Amino acid sequence: MRGYWHFPAIAAVSAILYHLLDMKWLLLLFILWLIWLKLLKKMNVTVWLVTVFSFITFLSIIPIIPQTVYEESSIDAEITGKIEGEVKLSSKQIQFTLQPLQNSSKLLVTYFPEKDEDFREIPLEHALFHGSTCTIQQTVEIPPSSTNPAQFDFRQFLLQKQITHQAVLEDFNQINCAAEKGILPLLYKVRTELLNEMEGTWSDYTAPWINAIVFGDTSAMGEPVTELFQRFGLSHIIAISGTHVTLVIAILYLILVKGNLLTKEKTQLFLILFLPLYAILAGANPPVLRAASMMIGLLLFQKFRWKLPYSDLLCIIFMVFILWDPYIIYHIGFQFSFAVTFSILLSQEWISKSKSPVWKIFQVSFIAQMAILPLQIYYFNIFHPLSILMNLTVIPYFTFFVIPLMYVFAVVHFLPDSMLVILDKPFTFIHERVLGAIEWVDNTFVPPMYLDQLSIFSVMFYFACFFLFMKFLERRQEKAAWIAGVLLILPVLMTAAKPYFQEEGIVTMFDMGQGDAILVEAARKEAVVMIDAGSAFHFEDMEPTRGVYKNIIRAYFHQRGIKELDAIIVTHDDVDHFGSVRFILEEVSVKELMVSAYFDPVLLEEFQAIQPSLNITQIGSGDVLNFHDAISFQVLAPDIDTGNSNNNSIVLYTNFGLKWLFTGDISKKIEEKIIHDYPALQIDILKVAHHGSKTSTGEAFIEAVQPRFALISAGRNNRYNHPNEEVLDILENNGIQAYRTDEDGAIQFYYTAEGGTFSTFLP
């Protein structure tokens, strides 16, 4: 089998794709491939049979994650189980997975520390370590699933880890744990203590970098940094990978052998024993396990003088990982790590022909970026044209400076504070400026491309062109490589351009809980306007939270390639209508912010400060708003200051295939004024005011405007009991079909000049 293990690995990948994507034609393609290998290529019988066996085996073990429907269910239960894996620890939350003793499905347990609570001591005080046996008495819930297009599906994510339920601890009286003895619990306990040591020893700036690079814990890494690295495809730098493990081995080898502490043979044995221990201390994530396994394999082959190609070793490790844990195929780190490593190994001949170290770094960076591009688009809806060049400059900086220095910092953390400060300050000074330079490039030059996921056929076409491109480069066939390279980027460009050729406009009412956020996209993306952009908020200070923007609005923007808004129209100054505006302005170019003359001027100053080029326009009754002749509104209210924020809401009338009325949070009093001022007003679709409160949507108003459809934005099980039964009865008695975000999830209306159709995210 030497030199042929890639055939069973290809069979394994084919089985996975066939099973997960339900690609029936792939089975036929695989059979034809087997016939071609046997009859035309005269493949060895043993290799051929192992390949067939591999396909059948992986076809039978790959787990299928069911597509869930939104439902809420909770029960009070007493569960006893063992903690599995690491306990994730940060100032924001403590989280671990509990494997019940009598059940194959798992439970996610989360605790949110109080502000004055020392979260570092909690695992030590309550024996929260891998292997600990815990009994929990708590309300157990089904995790929430996504209810908006492009929203991260938390329930699906947990199901891919065999986690079916979650529990949120109010305090530790609800759980009782007893630590278990053994090497794994001990290593995880040591890992927790080391993470705490780093945070307690080094500065708040340096400690997260040590914990991320040395121990694989990014929980304390700031969100702006992780998102910056994600945009440039640099996330692998702050997650332990083969580069980190190689450097660890190189440093230890240098110390032990060159320092005459051990012989080469004893050093090899030490490294073989050390690497599994380090893999656990580093978090035991698939990338570090893959890198450690590869290194252990190479050291064993070297020690016993076995001969096996690197590609064979990688293929064997790939299949062993899946046999060990079939659910690992859903792990993004597993997918990225093996895709990059396979691609680099397959390109060794091309890379080896280069004599320039700088050019080799560029080659490896290029291959790595192109190998994971479809995956990056699938998970993050993003591709940055400068990512390869950024990798070329940033990777050497991390490889030769940051990563080795972080390992040194982890080793010398026991030194006196005065000495640690001497080491800490220069690193902070340099690193802050390097990250500042990356941010400057991000803000100054070509912006990233946001686009929807590639179709399966686009992905196949992409990888076929990528394979040909690399082959032509390897054979120095520049013209053919250039053609393959042009074809290579076509699926990406076509996907990015798709919204600009869409003949339908889209109105999306997001399900954001108790608030409003509506996006209007004209056909061919000729104009994009947002009506309200609410958020959740902290009840203590009424300050908006970033969650709705990040998880719902921004996720949709990225999927649809929206980097600019023609306008945001904020109906009034309640946080459930304007809360996400500040977050949008921080990341999206907005040409105009439209508010009433009675909007809070302090908020307007804040918005202007975030985006100084923003045009703020006050609008009122009688105004007509036109955006590139693709979207237009007639403003029906307000015309006077009622002294009430809700009643000062902007009311908009428009035609998107059908006649619409957007009403903000107006009351029955304003509804009566509107039908008095506009007696001929009739509509097809009503955005029900004030989330279906009984203070709005009066019988007289409904009878006057005669809508056929009503859209209600309301949170599930909200404390206001919205929408009110009285309002629902009025709508039903008038034959109006109501769509509700609390029941239907996000509501979308696809329209042309002739009409349109509704679509709800939840069936």
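The values are calculated or read from the model by the stated rules, or taken from the named source; none is laboratory data. Quick caveat: nothing in here was measured; it's all calculated off a predicted structure. Because the Cβ atoms are built from the backbone with ideal geometry, glycine has one as well, and the counts that use them run over all protein chains shown. Just the protein is used for accessible areas: all its heavy atoms, side chains included, with ligands, DNA and RNA removed. Shrake-Rupley method; radii C 1.70, N 1.55, O 1.52, S 1.80 Å.
Compute the accessible area per residue over the stretch 232-328, keeping the other protein chains in place, probe 1.4 Å, unit Å².
Details: 4660 Å² over 97 residues.
I get 48 Å² per residue for the stretch 232-328.
With all protein chains present, how much of the accessible area of the stretch 591-674 (probe radius 1.4 Å) comes from carbon and sulfur, to the nearest whole percent?
47 percent
Can you give the relative contact order of the stretch 421-545 as a percent, counting alpha carbon pairs under 8 Å and 6+ residues apart? Walk me through the intermediate numbers first.
Numbers: 123 pairs, mean separation 18.0, N = 125.
Value for the stretch 421-545: 14 percent.
Mind checking the stretch 102-147 for trypsin sites (Lys or Arg not before Pro) that DSSP puts in a loop (not H, G, I, E or B) and that have at most 13 other Cβ atoms within 10 Å? Mind showing how you got there, number by number?
Values: sites: K106, K115, R120; in loops: K115, R120.
Listed in order of number, the matching sites are K115.
What is the sum of charges around G505, taking Lys and Arg as +1, Asp and Glu as -1, for the other residues whose C-beta is under 10 Å from the C-beta of G505?
Details: positive: R524, K525; negative: E503, E504, E521, E526.
Neighbour charge sum, excluding G505 itself: -2.
Given the pairs K189/K303; K353/K471; K161/K563, which span a C-alpha to C-alpha distance of over 24 angstrom in this model?
On the way: K189/K303 32 Å; K353/K471 14 Å; K161/K563 33 Å.
Where the Cα-Cα span goes over 24 Å, the pairs concerned are K189/K303; K161/K563.
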For the stretch 349-453, the percent of accessible surface on carbon and sulfur atoms (probe 1.4 angstrom, ligands and nucleic acids excluded) is 72 percent
Between N724 and residues 5 or more places away or on another chain, which pairs have amide H atoms under 5 Å apart, with H built 1.01 Å from N, and which residues are they?
-> S693, K694
How high is the relative contact order of the stretch 514-572, in percent, counting Cα pairs under 8 Å that sit 6 or more residues apart?
-> 35 percent
Rounded to whole Hz, the Karplus (6.51, -1.76, 1.60) HN-Hα couplings of the stretch 356-365, x for glycine and proline = 8, x, 5, 5, 5, 4, 4, 4, 4, 4
Going through the stretch 417-472, which chymotrypsin sites (Phe, Trp or Tyr not before Pro) have at most 16 other Cβ atoms within 10 Å and a DSSP loop state?
-> F445
Computed log₁₀ I(q)/I(0) - Debye formula, equal Cα scatterers, no solvent, the stretch 211-251, q 0.14, 0.21, 0.23, 0.27 Å⁻¹ | -0.33, -0.66, -0.75, -0.91
Counting only residues 5 or more apart in sequence or on a different chain, those whose built amide H sits under 5 Å from that of L565 are S589, V590, K591
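Please list, by residue number, every one of the trypsin sites (Lys or Arg not before Pro) in the stretch 434-527 that is coil in DSSP and has at most 15 other beta-carbon atoms within 10 Å.
Numbers: sites: K471, R475, R476, K479, R524, K525; in loops: R475, R476.
Answer by residue number: R475, R476.
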Once amide H atoms are placed 1.01 Å from N in the peptide plane, what residues at a sequence separation of 5 or more from I616, or on another chain, have their amide H within under 5 Å of its amide H?
-> L593
Neighbour net charge for S645 - beta-carbon separation under 10 angstrom, K R +1, D E -1 | -4
Can you work out the base-10 log of I(q)/I(0) for the stretch 146-252 at q = 0.11, 0.21 1/Å, using the Debye formula on its C-alpha atoms alone?
-> -0.57, -1.29
Kindly write out, for the stretch 94-99 in residue order, the coupling ³J(HN,Hα) from the Karplus curve 6.51 cos²θ - 1.76 cosθ + 1.60 (θ = phi - 60°), rounded to whole Hz, with x marking Gly and Pro.
-> 10, 9, 8, 9, 10, 9
Helix 417-444: angle to the longest alpha-carbon principal axis of the chain, degrees 0 to 90, nearest 10?
-> 60 degrees
Using alpha carbon centers only, the stretch 684-763 is separated from the stretch 247-288 by a whole-angstrom value of 64 Å
For the chain, calculate the relative contact order in percent as a whole number, restricting contacts to Cα pairs under 8 Å that are 6 or more residues apart.
-> 8 percent
Give the angle, between 0 and 90 degrees and rounded to the nearest 10, that separates the Cα long axis of helix 45-61 from the longest principal axis of the Cα atoms of the chain.
-> 40 degrees
For the Cα atoms of the chain, what angle does the longest principal axis make with the long axis of helix 24-35, in degrees from 0 to 90, nearest 10?
-> 20 degrees
For every helix of n ≥ 4 consecutive DSSP H residues, a contribution of -39,500 (n - 2.57) applies; sum these over the chain, divide by its total residues, and give [θ] at 222 nm rounded to the nearest 500 deg cm²/dmol.
-> -14000 deg cm²/dmol
Once you list every other residue whose beta carbon is under 14 Å from the beta carbon of L415, what net charge do they have if Lys and Arg are +1 and Asp and Glu are -1?
-> -3
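Whenever you get a sec, compute what percent of the accessible area on the stretch 191-288 sits on carbon and sulfur atoms (1.4 Å probe).
On the way: 2520 of 3920 Å².
Solvent-exposed carbon and sulfur of the stretch 191-288 make up 64 percent of the total.
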Label the stretch 1-148 by shape, choosing from rounded, prolate and oblate, from the square roots a ≥ b ≥ c of the eigenvalues of the Cα gyration tensor; if a/c is under 1.5 it is rounded, and otherwise prolate applies when a/b is larger than b/c, oblate when it is not.
-> prolate
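Which residues make up the longest stretch of the chain that has no GluC sites (Glu not before Pro) in a DSSP loop with at most 15 other Cβ atoms within 10 Å?
That would be 171-502.
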Under a 1.4 Å probe, what is the accessible area of the stretch 638-713 per residue, stated in Å²?
-> 37 Å²
List, in order, the whole-Hz ³J(HN,Hα) value for each residue of the stretch 492-500 obtained from phi through the Karplus relation with A = 6.51, B = -1.76, C = 1.60 and θ = phi - 60°; use x for Gly and Pro.
-> 5, 5, 5, 5, 5, 8, 3, x, 6
